[in-house]
Amino acid sequence: MVKAPENSPESIRFRESWDAKKPATVYKTPERLPDGTPCTAATVILRTKGCEWWWKSGCTFCGYFNDVRDDVTSDDLHAQWEEAKKRTNNFEECSMVKVYTSGTFFEDKENPPDWQETVLKETYENGLHLVIEAQAHLCKEEKIRWVAERHPGCTVAIGLEAYDDAVLRFNCNKGFNTKQWHQAVDILRENGLRVKSYLLFKPPFMSEGDAVEQTSSWIRAVAPLSDEISINPMNIQKKTIVDRIHRARQYRPPWLWSLVEMIKNVHEDVRPVSAENATDGCRIIVHPTAAGMIRGSHNCGECDQEVAAAIERYSVSADIREFDGIDCYCKEIWENEIRLDRSLPLPLGIGRDRRVSMDKVLRAP
Ligand code: SF4
Ligand SMILES: [Zn+2]
């Protein structure tokens, strides 16, 4: 797999123009605690050294490198953490904090252990539920025990993306496999931590028809082992490999209809629980970032907001009736595309963006 194509001198200059003492973003959103209680959550996205895997190779769709630089120190991270507290008035009215580091929170080469300890302990002492992210193969026994001692019961979100080793390797270039994910889940559970799994809807080099079918089967496999599944429909982040093939008109972000179809496929089998009853089973959260935009999941442009809103409502209510009565002329076009994807021997599918003249494809950057 080629190295992510964004290490040009301009990209590096742009990346390193950030102030390493200020977090990338801090904001508050309505959320649910693990027991289903509504709460306010603060999300803190830090500027770190970034994911070790990205420096070596990197996932085909990941644009997190835009917020990383390789000279961030422990002092910088402590300063960013203080700034996040200042901006939220010491997490006033928040019961949950999501700390995102563009990689694995508890990986020592990515983030200094003393800073990890500050975050784990401070959030625990202040009664804040903590959500952190990790790659599966970095959830090692000794380290997870260390995390659980400092913040018992926190949530570890793993970007599994696909429950299929070939897709992980060739479509995502993920850097770990499903066996390593299973091991990670066991270790997290043994240490009393919560497991959140991210799945990616329609990785690059996959047709729309395959995405509907495969993601549905991944959800069925992953749900029994997860407290929460978050399905992220592909949105194109700048200067990634998927951005390149999108600009070459060889990839179309998913249809919103495909997400509805996937939800209908799995609803009966998986029986996801609503946000209110979160402790009784697995929640399925589908959040189409940039819905309706050309770089996010989209339909025809007319029905996008209505369909995206129903998907968001379903993520909270787990009530399939959210989709009753929603229709549009473009549904037929989508159905036709799926039908052709399933019957023609075209692994990349027939998605509309590919139906352009060859001279345009060749001229695309
Ligand atoms: S493991 Fe996560 S942070 Fe690292 S390159 Fe992949 S998606 Fe990006
Ligand atoms: Zn439409």
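Figure legend. Inter-residue proximity from region 86-105: first residues under 12 Å from THR123 (Cβ atoms), second residues modelled with pLDDT of 95 or more and among the basic types (Lys, Arg), beta-carbon distance below 8 Å, spacing 6+ or different chains. Indicated pairs: PHE91/LYS85; CYS94/LYS28.
For every residue, the table says whether it meets (1) of a type in the set (Asp, Glu); (2) within 16 Å of ligand 2 (Cβ to nearest atom); (3) at pLDDT 95 or above; (4) closer than 27 Å to HIS246 by Cα.
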{"site": "GLY50", "(1), (2), (3), (4)": "no, no, no, yes"}
{"site": "TRP55", "(1), (2), (3), (4)": "no, no, no, yes"}
{"site": "GLY58", "(1), (2), (3), (4)": "no, no, no, yes"}
{"site": "PHE65", "(1), (2), (3), (4)": "no, no, no, yes"}
{"site": "VAL68", "(1), (2), (3), (4)": "no, no, no, yes"}
{"site": "VAL72", "(1), (2), (3), (4)": "no, no, no, no"}
{"site": "LEU77", "(1), (2), (3), (4)": "no, no, yes, no"}
{"site": "GLN80", "(1), (2), (3), (4)": "no, no, yes, no"}
{"site": "LYS86", "(1), (2), (3), (4)": "no, no, yes, no"}
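Whether any residue in region 115-130 is under 30 Å from ILE241 (Cα atoms), of a type in the set (Lys, Arg) and touching a residue at least 24 places away in the same chain (Cβ under 8 Å) is what I want to check. No - not one qualifying residue is present in region 115-130.
In the list THR40, THR73, which residue meets the criterion of being of a type in the set (Ser, Thr, Tyr), touching a strand residue (DSSP E or B) at 6+ places or on another chain (Cβ under 9 Å) and farther than 23 Å from ILE236 by Cα?
Values: THR73 fails: touching a strand residue (DSSP E or B) at 6+ places or on another chain (Cβ under 9 Å).
After applying the criteria, what remains is THR40.
Reported count of residues in region 203-236, each being touching a residue at least 60 places away in the same chain (Cβ under 8 Å), outside any strand (DSSP E or B) and small (Gly, Ala, Ser), is 3.
Counting only residues that are part of a helix (DSSP H, G or I) and within 14 Å of ligand 2 (Cβ to nearest atom), which one in region 324-345 is farthest from ASP210 (Cα to Cα)? The residue in question is CYS330. Any idea which of (1) modelled with pLDDT under 95; (2) of a type outside the set (Gly, Ala, Ser); (3) under 30 Å from PHE170 (Cα atoms) is the one PHE105 doesn't satisfy? The failed condition is (1). Does SER230 fit the bill of being within 16 Å of ligand 1 (Cβ to nearest atom), closer than 23 Å to THR40 by Cα and not basic (Lys, Arg)? Yes; evaluated as a whole, the condition is true for this residue. In region 168-186, which residue that is surrounded by fewer than 20 Cβ atoms within 10 Å (Cβ to Cβ) and of a type in the set (Lys, Arg) is farthest from ligand 2 (Cβ to nearest atom)? Across region 168-186, the extreme among qualifying residues is LYS179. Note on region 29-70: residues that are more than 15 Å from the chain's Cα centre (by Cα) and among the β-branched types (Val, Ile, Thr) total 6. Residues being within 16 Å of ligand 1 (Cβ to nearest atom) and closer than 30 Å to VAL212 by Cα are represented in region 104-113 by at least one member.
Kindly indicate the residue of region 295-307 that is within 23 Å of TYR329 (Cβ to Cβ) and part of a loop (DSSP other than H, G, I, E, B) and also farthest from ligand 1 (Cβ to nearest atom) among those meeting that condition.
Of all residues in region 295-307, those within 23 Å of TYR329 (Cβ to Cβ) come to 296-307.
Going one step further and asking which of them are part of a loop (DSSP other than H, G, I, E, B), we end up with 296-303.
On the way: GLY296: 17, SER297: 18, HIS298: 22, ASN299: 26, CYS300: 30, GLY301: 29, GLU302: 33, CYS303: 30 Å.
So the residue we want is GLU302.
Being surrounded by 19 or more Cβ atoms within 10 Å (Cβ to Cβ) and among the basic types (Lys, Arg) is a property that does not hold for ARG87. Might you let me know whether region 51-61 holds any residue that is farther than 24 Å from VAL316 by Cα and of a type in the set (D, E, K, R)? Scanning region 51-61, I find at least one residue that is farther than 24 Å from VAL316 by Cα and of a type in the set (D, E, K, R), so the answer is yes.
Of the residues in region 173-184, none is under 19 Å from GLN237 (Cα atoms), assigned to a strand (DSSP E or B), within 13 Å of ligand 1 (Cβ to nearest atom) and within 19 Å of the chain's Cα centre (by Cα). The residues of region 257-309 that are away from ligand 2 (no atom under 16 Å from the Cβ) and among the charged types (D, E, K, R), listed by number, are LYS264, GLU268, ASP269, ARG271, GLU276, ASP280, ARG283, ARG295. Of all residue pairs spaced 6 or more apart or on separate chains, those with beta-carbon atoms under 8 Å, a first member in region 34-50 that is on the phi > 0 side of the Ramachandran plot and a second member that is charged (D, E, K, R) and buried (at least 19 other Cβ atoms within 10 Å of the Cβ) are GLY50/ASP67; GLY50/GLU110.
Residues in region 245-294 that are free of Cβ contacts under 8 Å to residues at least 24 places away in the same chain and part of a helix (DSSP H, G or I): GLU268, ASP280.
The values are calculated or read from the model by the stated rules, or taken from the named source; none is laboratory data. Source: prediction; values computed, not measured. Here Cβ is always computed from backbone atoms with ideal geometry, including for glycine, and neighbour counts include all displayed protein chains.
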